[in-house]
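The structure under discussion appears below in the form of structure tokens.
The values are calculated or read from the model by the stated rules, or taken from the named source; none is laboratory data. None of the values given here were measured: they were computed from a predicted structure. Here the Cβ positions follow ideal geometry from the backbone for every residue, glycine too, while neighbour counts run over all protein chains shown. Heavy atoms of the whole protein, side chains included, go into the accessibility calculation; ligands, DNA and RNA do not. Shrake-Rupley method; radii C 1.70, N 1.55, O 1.52, S 1.80 Å.
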Amino acid sequence: MKILDKYLLKTFLSTFFTVFIILFFIFILQSVWLFIAELAGKDLDLPMVFKFLLFAIPRIIPLVLPLSVLLASIMTFGNLAENYEFAAMKSAGISLQRAMKSLIIFISILSIVAFLFANNVIPYAEYKFINFRKNIAQLKPALAIAEGQFSDVGLFNIKVNKKSGDNGNTLTGITIHKKSFMGDGSKTVIKAKNGELVSSEQSSTLQLVLNDGYYYEDVVPKKYEDRSKVPFAKSSFKKYVINIDLSKLNQVDVDDASVNNTNTMLNLSELNYTLDSLQKNRNSDILSFSENINQRIGIPKSTKIVVPQKAKPLPINLLSLYKDDEKLKILDFAFSTVESNLFSIDATNTELENKQKNINGHLLAFYDKFVIAFACFLMFFIGAPLGAIIRKGGLGLPIVFAVLIFITFHFINTFGKRISQENGLTPFMGAWMSSFILSPLAILLTYRATNDIGLINLDVVMAPFQKIFQKVFPPPK
């Protein structure tokens, strides 16, 4: 390796690691702020908090790494251009591509490491993160309930005045509102003097044992005129047990994806296997539904149709062959059959759309592992020539350009994923949209930096305005 390559590599690496560490801690603070409501005031010891953050950290690498490459590239090449070191290189016959040679090799290695990290470390961290949160709720169920406020726990909103005991399992002054999903406006309220939370590591069910309380439930009469009386049922109890499903409690959106998707916890081979199974399942559902709906409307499986040789012509109005009471029965039967078929078609269509969205989510997770590797290349080939063009190093103008470019990249990436998740785009286009849009920018900047062309040619931009100005205000003769 020549002295120039060592110098450029050393300069870039020192800037890159400094920027990476700073951005890494900034994003960690953002993660802490995101989960502060889940961590604060819930009797978690310090090692458990650090473990919680340790499993949450890997997901911020796909954000920090490309931004670090972009900012380090702009700062490094901006400093070289500002100090006229590039001018000295070019006078010695060294082109921009030759100066970038050692850094391209480093970025290639970094991209491979980023791909391996996204394919192995991030899925494992997601798996540990979600299961760690579940274990916290099982080992310390009181974490799900905060003092003096209503806490959303499964099908219940629970408020307690005070928690006590070793793990906060003993509750005093309990008020529970049970959610209603029937849409009839009914309400259920349970009040108890005290209670206890009982859980087990082997079970995902949390038991809330209530003592000395009352049970109030609204009764919704069938007759509308009786509803104004607001009837309700009341009963007292000495002991009442409520079972809460913790598996539902811990299904939280942790990566801007659907809760029932586990695609962030799978590597490439597992995603391939899962996608194959999901696609086969969806295809079999389509085939099964088409056969069932054909049988319901009277279409036989066989496509061969036998036409009788001598068939009597049917009247235009078939109902004229029947009596009035028979006509009414036929029309009622036809209406109910059509309504039932339409309902079945709508329900099946909704189910198939949800399955397709699940497939799209897995495809997006599959392509994301390659996008993060390509993003490192893309950000380098945007940042390096941009730094050489603007000729500014330090933390001023480079940060402005880096933030604007990265926000654009991240916004387009998120936008593409959202559209493809809803079947507006193919998952491939949704995942790679940001890369496809910004790649021409990288090519343009590299071309302009190689040929010593500025970022914007002001002469070309101002030429039409100068002509207009000269026509309006002609120079004196």
Give me, ordered by chain and number, the residues 5 or more places off residue 422 or on other chains with an amide H under 5 Å from its own placed amide H.
none
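Grab the beta carbon distance between residue 214 and residue 48, set R0 = 30 Å, and tell me the FRET efficiency rounded to 0.05.
About 0.20, to the nearest 0.05.
Dipole of segment 6-132, Cα-centred, from +1 at each Lys and Arg C-beta and -1 at each Asp and Glu C-beta, to the nearest 20 debye? Could you put the intermediate results ahead of the total?
On the way: 9 positive and 6 negative charges, 98 e Å.
For this selection, approximately 480 debye.
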If we sort 411-420, 69-78 on the protection proxy, mean other Cβ atoms within 10 Å, highest first, what's the order?
69-78, 411-420
If I take R0 = 51 Å and measure r between the Cβ atoms of residue 155 and residue 324 in this structure, what FRET efficiency does the formula 1/(1 + (r/R0)^6) give, to the nearest 0.05?
0.50
Distance (nanometres) between label positions extended 7 Å along Cα→Cβ at residue 349 and residue 87
6.8
Taking a 20 Å limit on the Cα-Cα distance, which of the listed pairs 357/417; 51/128; 280/369; 2/392 fall beyond it?
280/369; 2/392
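Using a Förster radius of 60 Å, what is the FRET efficiency between residue 109 and residue 337 based on their Cβ-Cβ separation? Nearest 0.05, please.
Using R0 = 60 Å, I get an efficiency of 0.35.
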Using a 1.4 Å probe on heavy atoms of the protein chains only, the accessible area for residue 270 in Å², nearest 10, reads 80
Euclidean distance between Cα centres, segment 79-137 to segment 331-386, Å
31
Test item: Cα-centred dipole of segment 337-440, Lys/Arg +1 and Asp/Glu -1 on Cβ, debye:
700
Between residue 245 and residue 450, with labels modelled 7 Å along Cα→Cβ, what's the label distance in nm to one decimal, could you check?
6.0
Once neighbouring chains are kept in place and the probe is 1.4 Å, which whole percent of the accessible area of segment 331-386 is contributed by carbon and sulfur?
69
Quick one: which residues, 5+ away or cross-chain, put their amide H under 5 Å from the amide H of residue 187? H built at 1.01 Å from N.
218
Which whole-Hz couplings ³J(HN,Hα) result when phi for each residue of segment 334-348 is put into the Karplus expression 6.51 cos²θ - 1.76 cosθ + 1.60, θ = phi - 60°, listed in order with x for Gly and Pro?
5, 5, 5, 5, 5, 5, 5, 5, 5, 4, 5, 5, 4, 5, 5
